[in-house]
Amino acid sequence: MKSEMVAVILAGGRGTRLQSLTAKIAKPAVFFGGKYRIIDFALSNVANSGISSVGVATQYEATVLNTYIGTGRNWGLNGNGALTSILPPRETPKGASWYLGTADAIYQNIDWLDKTHCEYVVILSGDHIYKMDYSEMLAFHKKNAADVTIATIKVPMEEAPRFGIVCTDDEDRITEFQEKPKVPKSDLASMGIYIFTYSLLRESLIADSNNAKSSHDFGKDILPTLLKAGKRLFSYNFHGYWKDVGTIHSLWEANMDLLDPDCELNIFSSKMKIYSADTYSRPQYIAKIAKVEDSLINQGAVIRGTCIHSVISNEVTIEKGAVVKDCLIMPGATIKADVKIEKAIVGSSVVVSSDHIGTTDNIALINKED
Amino acid sequence: MARRILGLVNCFSNANFGPMTEHRSIASTSFLGRYAFIDFPLSNFLNSGIPAIGILCKNHIRSLSRHVGNGAPWTANTKIGQFQILYDEPNIANPSYNTDVANLIENRWFLKACNPDYVVITPSSTIFYADFDRLVEEHISSGARISLLYHHCTGLKHSFIGNRKVYISDRGKVTKMEINQGDSDEGDISLGTIILDYPMLESLLDYASGTSSFFTIADTLNYISPSVLVRAVKHEGYARSFDSLPHYFNYSLEMLNEEVFRTLFQDDWPIYTKSYDTPPVIYKKGATVSNSSIANGAIIEGTVINSILGRGVKIKKGAVVKNAVIGSDSIIDSNIHIENAVVDKEVQVLHIAEVKGTIDDPLYIARGDIV
């Protein structure tokens, strides 16, 4: 089946700043929000945007991630005419190479893209939390007869130096890129979501691969080169919740955001549902002696202690007398009786038997390797 | 080649939950907020490594097929396996003729296509844990033609009504089966589960249809028990026959006792069910929840005590839900008080401040109603 637009998700990175959470799994496979993995958001967005062909470029510690993606069944991306391909680096007659950068990860899969006969490609990160309909972005791309459309989001001016900044004219056409600028000229940050007209993408990836000086990165190499060449690059301004969960603090914060009733990322809305694997857990059980308030708790959890303002995953046990406050607890972890934890992230299957108190500026990470 | 076992879920029973099962079978009725009763026999089959499954559907095929779909949650290998709802179209409007035996005869083609070595038949409304892999092994080494699972229990005056009481010889052979009328409190009760070889099933069907067009499998077993070795196999642990609305209500709440729960839910024996991709449960500020089992997607702002909530239930601020079973996507509005009630799916309790039944006679609110 011919797809007008296919999606490629870049999911190869390690996510070093997530410390031991990514020791054995790639960042996109890290647990999120009690029942999800981070990549569920990108894959659900793909499905909800009506895209039926998706490739996922994986590299770092990819076994768990590859198994999880499987045939795309969890997101309904396994129907007739649909295509879910895991795209790891591979050996070819020319030799073998790891993915050297974001652009190289796509370049090495040009043959895969060719076979989809697509007109457009949307390139996504596997480690962002947001809901977005890429078909609306494609309509914007077509309306502007754009070569490339970059999704952008307004950020507070004081935070702009942390992002790749995009400057535009009155018609949203991009005039300049600033990579983590000390003096930002705009408050529009790139979300790392790009729609390319495929013929142009193909051409520029090949040119980039032949450029020995290039770092083979979209933000640093491909996009500035296209801008310089006078191509039509547009900024698609996204309104809504979006978060890059690259650090322990931002991962914690994004989970706490789910508890905020005013948070724009409404996972309870039936519009653009976020799909995930079913763990076939029992319904959660809240014991007689438990106290649960202001928390998000997944199936399979058993709560006998106190749980306040926390996100609790499947098969987590909070024993009698334990107090959990402002925490994210990943699947299968146990908080032993009378243990107190606050402002912490507890890794998957960890048994916590001593108190851990973090602070907002220094979230405690309780994990097996620690 | 590995032994081929066919698992059949038998939905033929006279049990009903009154108004709650007017439009659905017990098999597809919700249990513990996220399951349907049929998930238990189907998961027993999958966990026992049984690849071929048939469902003997008595009626309400729409609700049943909506729940089980193509059987994907209970199928380990879609090429090797079979998953088929078996329906007796010619006899559907003719209750006396619409029996499990007639259904199997109508669907003999399915038995032939599966061509199993052994067949396990187990009911959809009697719930228990059973490792059929082990039970089939034991059946084979016993040399019996038919094995029948029974449970020794008390309380028969009020429970397992309509199931068969089993009389067993000293050597473990079934000598007689009769319908439990509640005349004595203690005894051996059939769980409606049999294991037999395929030729035996074929002869059983022939024998049944040659004797009476109204005969059920249980009737036939009773009839042939003097001449065929029907081996009685004692089942230990949890077993309940869900046969009335009060039983449904009480047995559901009983699951809030963790010890009882652990007798049905074994480690490494997941109960598979249809997935709805509902988010986790959100407990808002001011929520009070105690001794309750809650399925995903619920939003709780009020008080929930000793209750079972289905997927996506909303309990608004100031509402109090006590000793209640609330079906999926129902809404209990602010300051409403619900006690001893079974609230079906998609109900909105908005106007009546107090909804109260008793433990023995729970109040029932029908699917989709607004009260």
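The values are calculated or read from the model by the stated rules, or taken from the named source; none is laboratory data. It should be emphasised that the depicted structure is a prediction, and the values quoted were computed from it without experimental measurement. Backbone-built Cβ (ideal geometry, glycine too); neighbour counts: all protein chains shown.
Restricting the search to the stretch A:301-329, which residues are in a strand (DSSP E or B) and either without any contact (Cβ under 8 Å) to a residue 24 or more places away in the chain or under 13 Å from B:A295 (Cα atoms) (or both)? Across the stretch A:301-329, the qualifying residues are A:V302, A:I303, A:T306, A:C307, A:I308, A:T317, A:V323, A:V324, A:K325, A:I329. All conditions in (1) farther than 23 Å from A:P283 by Cα; (2) in a loop (DSSP other than H, G, I, E, B) hold for B:V9, with the sole exception of (2). Scan the stretch B:234-285 for residues that are aromatic (F, W, Y), within 13 Å of chain A (Cβ to nearest Cβ) and buried (at least 22 other Cβ atoms within 10 Å of the Cβ) and the total you get is 1. The criterion of at least 1 residues that are farther than 30 Å from A:I248 by Cα and modelled with pLDDT of 95 or more is met by the following strands (runs of 3 or more DSSP E) wholly inside the stretch A:56-148: A:83-87, A:120-125.
Checking A:S281, A:S276 one by one, the residue that is modelled with pLDDT of 95 or more and under 19 Å from the mean Cα position of the chain (by Cα) is A:S276 and no other.
Among the residues of the stretch A:161-173, count how many are farther than 10 Å from A:S190 by Cα and not in a strand (DSSP E or B). The number of residues fulfilling the criteria is 6. Filtering A:L43, A:L77, A:L87 for residues that are crowded, with 20+ Cβ neighbours inside 10 Å, in contact (Cβ under 8 Å) with a residue 60 or more places away in the chain and farther than 25 Å from A:N210 by Cβ leaves a single hit, A:L43.
Whenever a residue of the stretch B:256-267 is closer than 16 Å to B:G33 by Cα, its partners that are of a type in the set (K, R) and surrounded by 14 or more Cβ atoms within 10 Å (Cβ to Cβ), lying with C-beta atoms within less than 9 angstrom and at least six residues away or across chains, give the pairs B:F261/A:R282; B:L264/B:R240; B:F265/A:R282. When A:F41 is tested against the conditions (1) touching a helix residue (DSSP H, G or I) at 6+ places or on another chain (Cβ under 9 Å); (2) closer than 20 Å to A:Y194 by Cα, the lone failure is (1).
Among the numbered conditions (1) of a type in the set (G, A, S); (2) surrounded by 19 or more Cβ atoms within 10 Å (Cβ to Cβ); (3) closer than 21 Å to A:R37 by Cβ, the only one that A:A82 does not meet is (2). Screening A:I308 against (1) within 19 Å of A:A364 (Cα to Cα); (2) facing chain B (nearest Cβ under 8 Å) leaves a single unmet condition, (2). Identify, please: which residue in the stretch B:202-227 is assigned to a loop (DSSP other than H, G, I, E, B) and of a type in the set (A, V, I, L, M, F, W, C) and is, among those, nearest to B:G172 (Cα to Cα)? Among those residues, the one meeting the criterion is B:F215. Among the numbered conditions (1) in a loop (DSSP other than H, G, I, E, B); (2) within 14 Å of chain A (Cβ to nearest Cβ), the only one that B:R24 does not meet is (2). The set of residues from the stretch B:73-100 being part of a helix (DSSP H, G or I) and either of a type in the set (D, E, K, R) or more than 19 Å from the chain's Cα centre (by Cα) (or both) comprises B:E89, B:P90, B:N91, B:D100.
Could you please find all residues in the stretch B:334-362 being crowded, with 18+ Cβ neighbours inside 10 Å and either aliphatic (A, V, I, L, M) or at pLDDT below 95 (or both)? Passing the criteria: B:I336, B:I338, B:A341, B:V342, B:V343, B:V347, B:V349, B:V355. If you go through the stretch B:237-290 and keep only what is within 26 Å of A:K325 (Cβ to Cβ) and of a type in the set (K, R), you end up with B:K284, B:K285.
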